[in-house]
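Below is one structure, written out as structure tokens; the observations come after it.
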Amino acid sequence: MTNSAAHNFRRWQKYAFIATLVVPLSACFEEEQDSVSYQGANHTDRAVVEVTLNGQGGIMVANEHGYSGNICCVNAPKKWRPGIMVKVEWEEDGYILRDKDGKEIRRDGGVVYIAAPRKSKTVPLPKYDTPEILWVHFFPNDEVKLVMSKYWPGHAKHGLPSPYIPGVSK
């Protein structure tokens, strides 16, 4: 083996050895997760019929200016850290197709339902002490806010002022 080849071989051995240490240790740095319920608080004129949070979740009905039931479950870090982002995807209620006279259009014995397009927004998860209920607040103009709280919206300890006014309240 030439000096250059031997040098490259030793360098490769060193990197391989480091990799065998780093890969197993990386598992030590994974965040410990907790399973939490989530609820919707809808501040819009359209019902929200489905929501996923980082791909978890599903059916949720939060009527116009209303709340959903408590839904199980999504994962959240046991300990909050700065920079946690959550991809919120949701679908609002669609509509029933009608003719020019306002009558429901029927096909195959049923009304024709047109689903609303799916929406998506990635938003920060504000600071929390312990994972509790993850509240998903829907506001006009597709604004979404998250709050981790055991308190219902409107309670002084909920995490959003009541009433929350998009663009004005902090």
query: By accessible area of protein heavy atoms, probe 1.4 Å, what ranking do M148, M85 get, highest first?
result: M85, M148
- request: Go through K127/K150; K121/K157; K121/K150; K78/K119; K119/K150 and tell me which ones have a Cα-Cα distance over 22 Å in this structure.
  value: K121/K157; K121/K150; K78/K119; K119/K150
- request: In vacuum, with every alpha carbon of region 33-170 counted as one equal point scatterer, what does the Debye formula give for log10 I(q)/I(0) at q = 0.20 Å⁻¹? Two decimals, please.
  value: -1.19
- request: Enter the accessible area of L125 (Å², nearest 10), with the probe set to 1.4 Å and all protein chains included.
  value: 10
query: Just the accessible area for I105, please: 1.4 Å probe, Å², rounded to the nearest 10?
result: 50
- prompt: Between E132 and residues 5 or more places away or on another chain, which pairs have amide H atoms under 5 Å apart, with H built 1.01 Å from N, and which residues are they?
  reply: S149
- prompt: Under the definition of Cα pairs under 8 Å and six or more residues apart, what whole-number percent is the relative contact order of region 50-121?
  reply: 29
query: Counting only protein chains, not ligands or nucleic acids, how are S37, S149 ordered by accessible area (probe 1.4 Å), most first?
result: S37, S149
- prompt: H155: accessible area at probe 1.4 Å, nearest 10 Å²?
  reply: 80
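The values are calculated or read from the model by the stated rules, or taken from the named source; none is laboratory data. None of the values given here were measured: they were computed from a predicted structure. Keep in mind that these areas ignore ligands, DNA and RNA; they rest on the heavy atoms of the full protein, side chains included. Shrake-Rupley method; radii C 1.70, N 1.55, O 1.52, S 1.80 Å.
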